[in-house]
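Trainee: Got a structure here, written out as structure tokens. Questions coming.
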């Protein structure tokens, strides 16, 4: 008696995934947080220009008092006056950010993300502008007239501009 055995079945090799098809997503397993390994808390975001201006009082003398309490001084320049220096301190601005404070308009220019294109540096610039609130506008006018000499920190003496 002879047994006839069937020939072995040919199995096709596993199909290769085309390069343009993505691999199937792996199943994600959520691991419960372990005590003592919590992530470090991140620092709160610095306030915006409008938030800082909203916190200033409405009178020039009260604004001067806020600047005295903060230990801020300055000169008769829109970018180095006590108002600009106060904004730099409170908003935690970088040294290359530009602040300009006048009795009408306030602007803060953030320069960030230095990139090089074709061998030349390029900055991405973000500008925040706002109208000066009544208290800060009054302070700037009084400071430029020579009032608040204790907040003046420049060469020579505090002189009125007009």
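What follows is calculated from the coordinates using simple rules that are stated; it is not laboratory data. Being a predicted model, the structure only gives us computed values, none of them experimental. Ideal geometry is used to build each Cβ from the backbone, glycine not excepted, and the neighbour counts take in all protein chains shown.
Trainee: May I ask you to list the residues of the range 49-91 whose amide nitrogen lies under 17 Å from a point 7 Å from Cα along the Cα→beta-carbon direction of residue 134?
Mentor: Within reach of a label on residue 134: 53-64.
Trainee: Which FRET efficiency, nearest 0.05, do residue 122 and residue 142 yield, Cβ-Cβ r, R0 35 Å?
Mentor: 0.30
Trainee: Highest first, please rank the peptides 42-54, 123-135 by the mean number of other Cβ atoms sitting within 10 Å of their residues.
Mentor: Result, highest mean first: 123-135, 42-54.
Trainee: Using a basic spin-label model with each label point 7 Å from the Cα along Cα→Cβ, how many nm lie between residue 107 and residue 51?
Mentor: Result: 2.4 nm between the two label points.
Trainee: At q = 0.13, 0.20 Å⁻¹, what log₁₀ I(q)/I(0) does the range 49-151 have when each alpha carbon counts as one equal point scatterer in the Debye sum?
Mentor: Treating every Cα as an identical point scatterer, log10 I(q)/I(0) equals -0.46, -0.94.
Trainee: Going highest first, how would you order 55-61, 99-105 by mean Cβ packing within 10 Å?
Mentor: Ranked from most to least packed, the peptides come out as 99-105, 55-61.
Trainee: If you don't mind, there's one more thing I want to ask. So for each of 137-145, 79-87 I average, over its residues, the number of other beta carbons within 10 Å; can you give me the resulting order with the highest mean first?
Mentor: So the order, starting with the most tightly packed, is 79-87, 137-145.
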